[in-house]
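First the structure, in the form of structure tokens, and then the observations on it.
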Amino acid sequence: MRVVQTIGVPTLSDNAGATSTVVDADAIVVALKSRTAPVAEAVEQSLYAAKWLQRQGVEQLYFKVCSTFDSTDRGNIGPVAEALADALQVGIVPVCPAFPETNRTVYKGHLYVGDVLLSDSSMRHHPLTPMTDSNLTHILRRQSKGEVGLADHGYVRQGAKAIRDQLERLQSVGKRFAVVDAIDNEDLMEMGKAFKGLPLVVAGSGVAIGLPQNFGITPSAGAANLPLVRGPRAIVSGSCSAASNAQVVDFIKRGGDAFSVDPLHIAAGRDIVAEALQWAASRISEAPVLFYATAQPETVKSVQAQIGVEQAGYLVERALSQIAYGLVKRGVRQLIVAGGETSGACVQALQVQQMRIGPQIDPGVPWCYAQSPAAGDDGLMLALKSGNFGAVDFFTRAFGMLA
Ligand code: ADP
């Protein structure tokens, strides 16, 4: 599918009241920074996005959540999914964060990361949404009013019809949500067929692989064609995931130039953004430079104990996003951002409104083309890597693809 991602909801109508222009794409992604927002705010943003997408004429709404189901007992997956289901007046809503290509699988309603349960994975140390339960039906039940059922692998392995029948059965006994198992892409392809015509799907990005077949779209590499912008390179990393920690170490080990951003220095009032940009001044070039707050769980915990969880997150996101803006202003045209929340902050600071999705670097992470006032008329290449994605040499390989 040709995909355009908008950052936030484009304005619903212009000053004259006409609806905004139709986006030219097979699928439109509206990116919201709602994962850890207050529940009411996340719900409001999501409903507004749904309304805009409906005006774009979309046939199916996909509430995309993290493949590690990042959330807390307050939400926001349950409350947002329920609000969307109410707005669309749908019966049963399938829920499946599985993304087998990145080793996220769901079996008997339990989410696995690689060989271990989610609650035994490094996600238990996440700075904002520590995941300490792996049972998706339990997690969702705590976050929502509706009943949660399970379409387990016994149905999934029998194929689309069995999945659909089980969804209908769960709906007939009053369930609102159905967690659906999936352990490989074949499961996702069957799930795709089973979800044909459903108005609402709640899933990680994995499930999307099975959906184009429902819209008569023939796979084409041309769908990922992008304009190529050349120029200086940089990486900004605010993710503290195990993968990002390893990627930062790998980049430095290969001789990459790196600037460490310490939340305690920001909290103490130092102008870290100015220091970082001054450091960058003589280094901005084709050889990528890295700015990172990425740290090991013990360090993050200690920082959070000193300045608070939210404040630490906020200070780091603000500093890194201002650094990203400053870098692009100073000529960087190929930028990688590591961290979901960090990416949200960076695209907001860069005032990116839309991105065209291009070729995949690693499963779940593509290069994108975006325009930003900071980049003038050139536009820029952006790769937004959520925490645990990407192989250890991700940074090096990603830039290699644009050579
Ligand atoms: P991921 O995709 O790995 O979840 P995010 O960017 O979504 O990464 O979340 C990481 C959060 O941790 C952000 O809010 C970020 O500002 C915060 N953070 C980054 N580095 C540190 C640090 N050294 N100490 C405390 N918090 C940090």
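In the set Pro263, Pro297, which member is more than 21 Å from Ser321 (Cβ to Cβ), in contact with a helix residue (DSSP H, G or I) (Cβ under 6 Å, 6 or more places away or on another chain) and in the same structural domain as Phe389 (by TED's automatic domain parsing)?
Details: Pro263 fails: more than 21 Å from Ser321 (Cβ to Cβ).
Just one listed residue meets the conditions, Pro297.
One line per residue, one yes/no per condition, for (1) more than 20 Å from the chain's Cα centre (by Cα); (2) more than 20 Å from Thr102 (Cβ to Cβ); (3) in contact (Cβ under 8 Å) with a residue 12 or more places away in the chain:
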{"site": "Ala178", "(1), (2), (3)": "yes, yes, yes"}
{"site": "Leu188", "(1), (2), (3)": "no, no, yes"}
{"site": "Met191", "(1), (2), (3)": "yes, no, yes"}
{"site": "Phe195", "(1), (2), (3)": "yes, yes, yes"}
{"site": "Ser205", "(1), (2), (3)": "no, no, yes"}
{"site": "Ala208", "(1), (2), (3)": "no, no, yes"}
{"site": "Pro227", "(1), (2), (3)": "yes, yes, yes"}
{"site": "Pro232", "(1), (2), (3)": "yes, yes, yes"}
{"site": "Ser239", "(1), (2), (3)": "no, no, yes"}
**Item:** Yes/no for Glu101 being touching a residue at least 60 places away in the same chain (Cβ under 8 Å), surrounded by fewer than 19 Cβ atoms within 10 Å (Cβ to Cβ), among the acidic types (Asp, Glu) and part of a helix (DSSP H, G or I)
**Value:** yes
**Asked** Among the residues of region 52-66, which ones are away from the ligand (no atom under 16 Å from the Cβ), farther than 15 Å from Gln5 by Cβ and in a loop (DSSP other than H, G, I, E, B)?
**Response** Gly57, Glu59, Gln60
**Fill in**
Picked from region 31-42 (must be within 18 Å of Thr129 (Cα to Cα) and not in a loop (DSSP other than H, G, I, E, B)), the residue farthest from the ligand (Cβ to nearest atom) is Ala40
**Complete:** Picked from region 289-304 (must be hydroxyl-bearing (Ser, Thr, Tyr) and in a helix (DSSP H, G or I)), the residue farthest from the ligand (Cβ to nearest atom) is Ser302
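Working only within region 34-82, note down all residues that are among the small types (Gly, Ala, Ser), closer than 21 Å to Lys145 by Cβ and surrounded by fewer than 19 Cβ atoms within 10 Å (Cβ to Cβ).
Filtering region 34-82 down to residues among the small types (Gly, Ala, Ser) leaves 34, 37, 40, 42, 46, 49-50, 57, 67, 71, 75, 78, 81.
When the remaining residues are screened for being closer than 21 Å to Lys145 by Cβ, the result is 34, 37, 40, 42, 46, 50, 71, 75, 78, 81.
Hits for region 34-82 are Ala37, Ala40.
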**Asked** Residues in region 94-108: is at least one farther than 19 Å from Ser205 by Cα, hydrophobic (A, V, I, L, M, F, W, C) and in the same structural domain as Glu168 (by TED's automatic domain parsing)?
**Response** no
**Prompt:** Cβ-Cβ below 7 Å, separation at least six or inter-chain, first residue in region 134-146 and without any contact (Cβ under 8 Å) to a residue 40 or more places away in the chain and in the same structural domain as Asp86 (by TED's automatic domain parsing), second surrounded by fewer than 21 Cβ atoms within 10 Å (Cβ to Cβ) and hydroxyl-bearing (Ser, Thr, Tyr): which pairs?
**Reply:** Ser134/Ser119
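One line per residue, one yes/no per condition, for (1) buried (at least 16 other Cβ atoms within 10 Å of the Cβ); (2) away from the ligand (no atom under 16 Å from the Cβ):
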site: His110; (1), (2): yes, yes
site: Ser121; (1), (2): yes, no
site: Pro127; (1), (2): yes, no
site: Ser134; (1), (2): yes, yes
site: Arg142; (1), (2): no, yes
site: Lys145; (1), (2): no, yes
site: Val148; (1), (2): yes, yes
site: Asp152; (1), (2): yes, yes
site: Ile163; (1), (2): yes, yes
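Has region 261-277 got any residue that is of a type in the set (D, E, K, R), in a helix (DSSP H, G or I) and more than 28 Å from Asp393 (Cβ to Cβ)?
Checked against the condition, which is being of a type in the set (D, E, K, R), in a helix (DSSP H, G or I) and more than 28 Å from Asp393 (Cβ to Cβ), region 261-277 yields at least one hit.
Is it the case that Ser372 is away from the ligand (no atom under 15 Å from the Cβ) and among the hydroxyl-bearing types (Ser, Thr, Tyr)?
Values: away from the ligand (no atom under 15 Å from the Cβ): yes; among the hydroxyl-bearing types (Ser, Thr, Tyr): yes.
The answer is yes for Ser372.
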**Asked** For region 305-323, how many residues are of a type in the set (A, V, I, L, M, F, W, C) and more than 9 Å from the ligand (Cβ to nearest atom)?
**Response** 2
**Complete:** Screening Ala25, Ala49 for residues that are assigned to a helix (DSSP H, G or I) and within 23 Å of Ser372 (Cβ to Cβ) leaves only Ala49
**Request:** Return the residue satisfying two criteria in turn: it lies in region 278-334 and is acidic (Asp, Glu) and more than 23 Å from Phe395 (Cα to Cα), and of such residues it is surrounded by the most Cβ atoms within 10 Å (Cβ to Cβ).
**Result:** Glu310
**Request:** Would you check which residues across region 324-347 are within 16 Å of the ligand (Cβ to nearest atom), of a type in the set (S, T, N, Q) and touching a helix residue (DSSP H, G or I) at 6+ places or on another chain (Cβ under 7 Å) and list them?
**Result:** Thr342
**Prompt:** Could you list, in sequence order, the residues of region 348-392 that are of a type outside the set (D, E, K, R), surrounded by 21 or more Cβ atoms within 10 Å (Cβ to Cβ) and closer than 21 Å to His126 by Cβ?
**Reply:** Leu384, Ser386, Gly387, Asn388, Phe389, Gly390
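The values are calculated or read from the model by the stated rules, or taken from the named source; none is laboratory data. It should be emphasised that the depicted structure is a prediction, and the values quoted were computed from it without experimental measurement. Positions of Cβ are generated from backbone atoms using ideal geometry, with glycine treated the same way; all protein chains shown enter the neighbour counts.
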